[in-house]
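Contents: one structure, followed by commentary.
The values are calculated or read from the model by the stated rules, or taken from the named source; none is laboratory data. In this text, all values refer to a predicted model and were calculated from it rather than measured experimentally. Neighbour counts run over all protein chains shown; Cβ positions are idealised from the backbone, glycine included. Each accessible area value is taken on the protein alone, full model and side chains, heavy atoms only, with ligands, DNA and RNA left out. Shrake-Rupley method; radii C 1.70, N 1.55, O 1.52, S 1.80 Å.
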Amino acid sequence: PSLHNHHVVLIDFELGGLNYRGYDIFKLFRTSSNENCGHGQYPKNMKAFVEAYVEEMRQGQKEQARDTGGHGNIFSVNQNGEMEADNSELVDLIICETLLFEPLTWLEAGVFYLFATKGDAYQKERWTELALDRFENYEISMGTFQNRVDHMKKVIRKRKSYHAN
């Protein structure tokens, strides 16, 4: 590999599994400092990450279309194997999807630490504090959840009306 190659590949074995894409992406960016990011806001660098993700996804879709004749694609593709949605539209959809998963990522972490209190008596106080922190962040993130759902509906309606024309 060249020293001038700036291509970055992210391999996260901790999150490697059958999770939804948005769930895994939000967990990469979730910190207590971004609690309550609010409607239309998201953690630092998330948009750049999703833009790179979409670019890789677009490349993968082209290869899959070439190999399968266009069958099995998540997004509709034209006869050249190119996704019909533009990058900014896909980025918006994926960011909306990702932000909807924020509460679930906090809830999952809270439950994890709650169970840790039962399995590790020596660090029970530490696990309890972490569980309480995650449950508090869950509550905070649920405060913005309906706004995020409403925003996602707008993005979907905009996409639907755009493709109807």
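Has region 143-164 got any residue that is at pLDDT 90 or above, open to solvent by 30 Å² or more (accessible area, probe 1.4 Å) and in contact with a Ser or Thr (Cβ under 8 Å, 6 or more places away or on another chain)? Within region 143-164, none of the residues are at pLDDT 90 or above, open to solvent by 30 Å² or more (accessible area, probe 1.4 Å) and in contact with a Ser or Thr (Cβ under 8 Å, 6 or more places away or on another chain). Within region 100-133, restricting attention to residues that are of a type in the set (Ser, Thr, Tyr) and free of Cβ contacts under 8 Å to residues at least 60 places away in the same chain, the residue that is least open to solvent (accessible area, probe 1.4 Å) is THR117.
Of the residues making up region 16-37, those that are of a type outside the set (Asp, Glu), surrounded by 12 or more Cβ atoms within 10 Å (Cβ to Cβ) and either in contact with a Gly (Cβ under 7 Å, 6 or more places away or on another chain) or modelled with pLDDT under 60 (or both) are ASN34, ASN36, CYS37. Exactly one residue among GLU139, GLU129, GLU102 is among the charged types (D, E, K, R), at pLDDT 90 or above and within 15 Å of PHE29 (Cβ to Cβ), and that residue is GLU102. Of all residues in region 61-97, those that are modelled with pLDDT under 75 and of a type outside the set (S, T, N, Q) total 17.
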